[in-house]
Each structure stands twice: as structure tokens, then as C-alpha cells.
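A.B. asks: Quick one: this structure, given as C-alpha cells, is what I'll be asking you about.
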Amino acid sequence: QVQVVDSGGGSVQVGGSLRLSCAVSGAIFGIERMGWYRQAPGEQREFVATIARGGSTTYADSVKGRFTISRGNAENTVYLQMDSLKPEDTAVYYCKADAIAPYGSTGYRTYDCWGQGTQVTVSS
């Protein structure tokens, strides 16, 4: 029932910028953490950035100083501002939400909920 929708990808030239968006909806009690991962063709999916409830952030070394993750005014929204893009940033970017949702009839658990992915292509 949890829905994660990521968007904002596109094609840019080296040095350009993109802003990715992610929105979570569904029967959830809260979101502990949201983040972005990426996967290039033939490569493993890798961590990019996360933001925890309360605002603390973490970044992969490869994107530090270039990417910024932030929360929207709504708790269920997160953005990834990507600046100074490089060809090696080309990948499908996936939003992930660690969402607390019902489990069974009376319980709850934290789910890793993934978006469908949005393509980012950086051309030289």
C-alpha cells in the first residue's frame, strides 16, 4: 500500500544540474529515513544520499560537495539537488523510504519502499 514516486530525471550536459523529487504516500505511520540510490547499466546499485528524521544527512564520497538532499515541508517529500554533474553520474536513480506501516492486523514494521526509478543521463 505504500507508494514511492520518484521523478525529475532527464538528460543534461556535463556540469549541468537536475533536481530529483520523491513523494511517499499510503497507509503509513511515519517515515524514519528517505534517500537516493543509483544504478548504472551493468553495475550494482549504490548508495547516494540519505536524510533521517530530524534532518541529519549522509552522502557517498563520490557526490559530496555536488549533491544536496533535503526534505520538503511535508515529511513525505524529499529532493536531491544535483549540481556539477559528470558522465559517471549517469544512472537510474531510485528513491527509498524507510516507512513505518501496518504489519498484519495489529502490528507494524519498517519497510524499505522503493520508487520506480528515474533516469539521469549526463552527456559530454
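The values are calculated or read from the model by the stated rules, or taken from the named source; none is laboratory data. Source: prediction; values computed, not measured. Positions of Cβ are backbone-derived with ideal geometry, glycine not excepted, and every protein chain shown enters the neighbour counts. Side chains are part of the model used for accessible areas, which takes the heavy atoms of the whole protein and leaves out ligands, DNA and RNA. Shrake-Rupley method; radii C 1.70, N 1.55, O 1.52, S 1.80 Å.
A.B. asks: Which condition number in (1) farther than 20 Å from Ser17 by Cβ; (2) at pLDDT 95 or above; (3) not β-branched (Val, Ile, Thr) is the one that Glu32 fails?
C.D. replies: Against the list (1) farther than 20 Å from Ser17 by Cβ; (2) at pLDDT 95 or above; (3) not β-branched (Val, Ile, Thr), Glu32 comes up short only on (2).
A.B. asks: Among the residues in segment 95-104, are any over 20 Å from Ser123 (Cα atoms) and free of Cβ contacts under 8 Å to residues at least 40 places away in the same chain?
C.D. replies: Keep residues of segment 95-104 that are over 20 Å from Ser123 (Cα atoms), which gives 95-104.
Remaining after also requiring free of Cβ contacts under 8 Å to residues at least 40 places away in the same chain: 103-104.
Yes, segment 95-104 contains a residue that is over 20 Å from Ser123 (Cα atoms) and free of Cβ contacts under 8 Å to residues at least 40 places away in the same chain.
A.B. asks: I would also like to ask the following. Name the residues in segment 58-96 that are of a type in the set (Val, Ile, Thr) and closer than 10 Å to Arg38 by Cβ, would you? Outline the logic, then answer.
C.D. replies: Let us first name the residues in segment 58-96 that are of a type in the set (Val, Ile, Thr), namely 58, 63, 68-69, 77-78, 90, 92.
Val63, Thr90, Val92, listed by residue number.
A.B. asks: So if I check each of Gly42, Gly8, Gly15, which one is touching an Asp or Glu at 6+ places or on another chain (Cβ under 9 Å) and on the phi > 0 side of the Ramachandran plot? Break it down stepwise before answering.
C.D. replies: Numbers: Gly42 fails: touching an Asp or Glu at 6+ places or on another chain (Cβ under 9 Å); Gly8 fails: touching an Asp or Glu at 6+ places or on another chain (Cβ under 9 Å).
Of Gly42, Gly8, Gly15, the one residue that is touching an Asp or Glu at 6+ places or on another chain (Cβ under 9 Å) and on the phi > 0 side of the Ramachandran plot is Gly15.
A.B. asks: I would also like to ask the following. Hey, could you check segment 90-122 for residues that are open to solvent by 20 Å² or more (accessible area, probe 1.4 Å), in contact with a Gly (Cβ under 9 Å, 6 or more places away or on another chain) and of a type in the set (Ser, Thr, Tyr) and say which is nearest to Ala27 (Cα to Cα)? Steps first, answer last, please.
C.D. replies: Step one: list which residues in segment 90-122 are open to solvent by 20 Å² or more (accessible area, probe 1.4 Å), which gives 90, 92, 94, 96, 98, 100, 102-112, 114, 116, 119, 121.
Then keep just the ones that are in contact with a Gly (Cβ under 9 Å, 6 or more places away or on another chain); that gives 92, 94, 96, 98, 100, 119, 121.
Right, trim to of a type in the set (Ser, Thr, Tyr) and you get 94, 121.
Values: Tyr94: 21, Thr121: 33 Å.
Of everything passing the filter in segment 90-122, Tyr94 is nearest to Ala27 (Cα to Cα).
A.B. asks: If a residue must be part of a loop (DSSP other than H, G, I, E, B), open to solvent by 30 Å² or more (accessible area, probe 1.4 Å) and at pLDDT 95 or above, how many such residues does segment 75-89 contain?
C.D. replies: Of all residues in segment 75-89, those part of a loop (DSSP other than H, G, I, E, B) come to 75-76, 83-86.
Next, only the ones that are open to solvent by 30 Å² or more (accessible area, probe 1.4 Å) stay: 75-76, 83-84, 86.
Remaining after also requiring at pLDDT 95 or above: 83-84, 86.
Number satisfying all stated conditions: 3.
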